[in-house]
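Some notes on the structure that comes next.
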Amino acid sequence: MKNQIIGFTLTGILFFIGLMPAMAQGKYGATAEDSIKCIENLSVYKDFLRENKYEKAFSFVRKVYQICPQSSLKLYVDAEKIIGNMIKENKGDKERKNGLIDTLYLLYDARIQHFGKEGYVLGKKGAAMLKYGRPSYQEAYNTLKKSITLEGNASEAYVIDFYFRAALKLNEETAQTADFWVDMFNECSSIIDYNIATSTKPRDIESYTTAKENVLKMVEPYISCEVLTKFYESKYEGNKDNQKWLASAAEIMDSKDCAGSPIFFKVASRLHAMNPSTGSARNMGIMSMKKSQYGEAVGYFVEAIDLADDMTDDENLSKTLADLELWLSKAHFGQKNYPAARTHAQKAAGYREGWGEPYMLIGDLYASSISQCSEGKDGALKSPYWVAVDMYAKAKSVDAEYAVEAAQKIAKYSQYFPSTQDAFFHGVTDGSEYTVGCWINVNTKARLK
């Protein structure tokens, strides 16, 4: 029986190949008799499929294909399921399994010939090639690449995922260049971002978001900041008027912390000039910060916030504004404009609950104010350290991520608290209410050593 099954599979493969010239016939066959047999076999294979009797179902699928290969698209969809299950059932029989795999590939080719949608079906075929490791990873990669080239933005999320997996397998055999990885990443990121932005079905958005996360993980080892800088420098002149390319380049370089590179400045500046947006203004602000151009940074972050206010349909508006307000606070800090820096750090905290970073920044503002608040009682008591420690404690209480850093800063600045003797001369006792003056003007409790 086993030999008969193996022989049947090999015969089936030869049969699929040999039938190509006979396909120019009617939908249900060449004759009336063929039509009757075609409809009978279509019905019978479906009965066996419903009962999960895949071997028997396949024998009738084969007959349908012999008589009327153009009769039904569902035939090919069902055949894919049938053969997939047969491969699982025969995983211990290598010859039988490989014969079934080859038959599946031939079926994909036949489906394209009779029902079109080449790019879509090649995505299925390429994924199967990678899954079964046959005939080669190069062939799987080529098939998936062709699918994505043909489908473009219509490419399925799973196809993009398999495309990168095929590239990783290919890389194990022959190391690929940095350009290879950056080109792939650019191509697929564009498709993924398009679908995340335009899809209306939550399930599709989730699929493409997952694909993006997977792609980022897979490509991470192959695109360093240095590699990206060289790549985009070589491509910039030919793409400087391509807004889509510029946006993708800026996003990728930002994700790899390349915002300090000259080419990032070129890309971000050009993108902002072509189409000012929240993202482009933010990028310009970050670049200005890295160059210690704090006045320019303030202007860019204010512009980014103004543009973000128009994002009424963006569910992440609060998160975006929190990020921008904190950047604006840091820019004012760079200018030593401490009151403005505190105002915007407080706004950042208001937009995002349970976030410790704004409070850490306010603590740094207070600790940095010692030189500004050196006159009178505040200078003698070093009272700004009291409110700085208050802020670090606040950050620690709302956000565990900053617990260690906050504890370190609390320990650092607590050592500068005044002694009981120093405080006595200024009428201050441990635990007493105290209002820190200077620009700070905040109530706290005195703490002495």
request  = Kindly report the accessible area of the stretch 311-363 per residue (heavy atoms of protein chains, probe 1.4 Å, no ligands, DNA or RNA), in Å².
outcome  = 48
query = Quick one: ranking Asp257, Asp179 by accessible area, 1.4 Å probe, largest first, what do you get?
reply = Asp257, Asp179
query = Per residue and in cubic angstrom, what volume does the convex hull of the Cα atoms of the stretch 292-424 have?
reply = 108
query = Efficiency by 1/(1 + (r/R0)^6): what FRET value for Lys412 and Thr174, r their Cβ-Cβ distance, R0 = 45 Å, to the nearest 0.05?
reply = 0.30
task = Starting from the Cα gyration tensor of the stretch 40-168, take the square roots of the eigenvalues, sort them a ≥ b ≥ c, and report rounded, prolate or oblate (rounded when a/c is under 1.5, otherwise prolate if a/b is larger than b/c, else oblate).
result = oblate
remark   = Filtered hits (lysines, Cα-Cα < 24 Å from Lys409, offset >= 8 within chain) -> Lys330, Lys336, Lys347, Lys377, Lys382, Lys394, Lys396, Lys445, Lys449
query = Hey, which aspartates and glutamates would be in cross-link range of Lys201, C-alpha to C-alpha under 15 Å, not counting anything within fewer than 8 residues on its own chain?
reply = Glu156, Asp193
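Computed FRET efficiency, Cβ-Cβ of Lys88 and Gln138, R0 45 Å: what is it to the nearest 0.05?
Numbers: r = 26 Å, r/R0 = 0.57.
It comes to 0.95.
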request  = Assign unit charges at the C-beta atoms only (+1 for Lys and Arg, -1 for Asp and Glu), then state the dipole size of the stretch 341-443 relative to its Cα centre in Debye, rounded to the nearest 20.
outcome  = 120
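For the chain, how big is the tail of P(r) above 43 Å, as a whole percent of Cα pairs?
On the way: 42013 of 100576 pairs.
That tail contains 42 percent of the Cα-Cα pairs.
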ask   = How high is the relative contact order of the chain, given as a whole-number percent (alpha carbon pairs under 8 Å, six or more residues apart)?
value = 6
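Can you give the FRET efficiency to the nearest 0.05 for Glu433 and Lys377, using r as the Cβ-Cβ distance and R₀ = 22 Å?
Numbers: r = 14 Å, r/R0 = 0.63.
Given R0 = 22 Å and the Cβ-Cβ separation, E is 0.95.
By how many nm would the segment from Lys244 to Arg50 lengthen if fully extended, with 0.36 nm per residue of separation less the alpha-carbon distance?
65.0 nm
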query = Could you state the number of Å between the C-alpha centres of the stretch 171-230 and the stretch 36-57?
reply = 42
Sequence-distant residues sharing a close amide H with Val442 (under 5 Å, placed H) = Val436
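Heavy atoms only, probe 1.4 angstrom, no DNA, RNA or ligands counted: give me Arg50, Arg447 ranked by accessible area, highest first. Could you put the intermediate results ahead of the total?
Values: Arg50 165, Arg447 60 Å².
The ordering from most to least exposed comes out as Arg50, Arg447.
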key: 11 Å reach of a label modelled at Tyr158, 7 Å along Cα-to-Cβ, counting backbone N of the stretch 110-136   = 124-125, 127-128
key: Distance in nm between pseudo-label sites at Ala30 and Glu251 (7 Å out along the Cβ direction from Cα)   = 5.4
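In Å², what does the accessible area per residue of the stretch 104-158 work out to with a 1.4 Å probe? Write out the running numbers ahead of the final one.
Numbers: 2330 Å² over 55 residues.
Using a 1.4 Å probe on heavy atoms only, each residue of the stretch 104-158 averages 42 Å².
Which peptide among 393-401, 53-61, 234-242 comes first, and what is the full order, when sorted by highest mean count of other Cβ atoms within 10 Å? Show your work: numbers first, answer last.
Numbers: 393-401: 17.2, 53-61: 19.3, 234-242: 13.3.
Top of the packing list down: 53-61, 393-401, 234-242.
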query = For Glu95 and Asp306 in the same chain, what is the full-extension length gain: residue separation times 0.36 nm, less their Cα-Cα distance, in nm?
reply = 69.4 nm
remark   = Checked the stretch 94-230 with the C-alpha gyration tensor, a ≥ b ≥ c its square-rooted eigenvalues, rounded below a/c of 1.5, otherwise prolate if a/b is larger than b/c and oblate if not; verdict oblate
ask   = So how much accessible area does Val302 have, in Å² to the nearest 10, using a 1.4 Å probe?
value = 60
ask   = Given the protein chains as shown and a 1.4 Å probe, how many square angstrom of Ser269 are accessible, to the nearest 10?
value = 30
ask   = Unpartnered cysteines of the chain (Cβ-Cβ under 4.7 Å counts as a partner)?
value = Cys188
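Per 0.36 nm of contour for each residue apart, how much would the distance between Thr420 and Gln335 grow if the chain were fully extended, relative to their Cα-Cα spacing? Mind dumping the intermediate values first?
Details: separation 85, 0.36 × 85 = 30.60 nm, distance 3.55 nm.
Full extension from Thr420 to Gln335 adds 27.0 nm.
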query = Reachable lysines from Lys56, Cα under 21 Å, same-chain residues fewer than 8 places away excluded?
reply = Lys2, Lys37, Lys46, Lys74, Lys81, Lys88, Lys91, Lys94, Lys97
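The values are calculated or read from the model by the stated rules, or taken from the named source; none is laboratory data. Because the structure is a prediction, the values reported are computed rather than measured. Don't worry about glycine lacking a Cβ; one is built from the backbone with ideal geometry, like all the others, and counts go over all protein chains shown. Quick note on the areas: whole protein, heavy atoms, side chains included, nothing else; ligands and nucleic acids left out. Shrake-Rupley method; radii C 1.70, N 1.55, O 1.52, S 1.80 Å.
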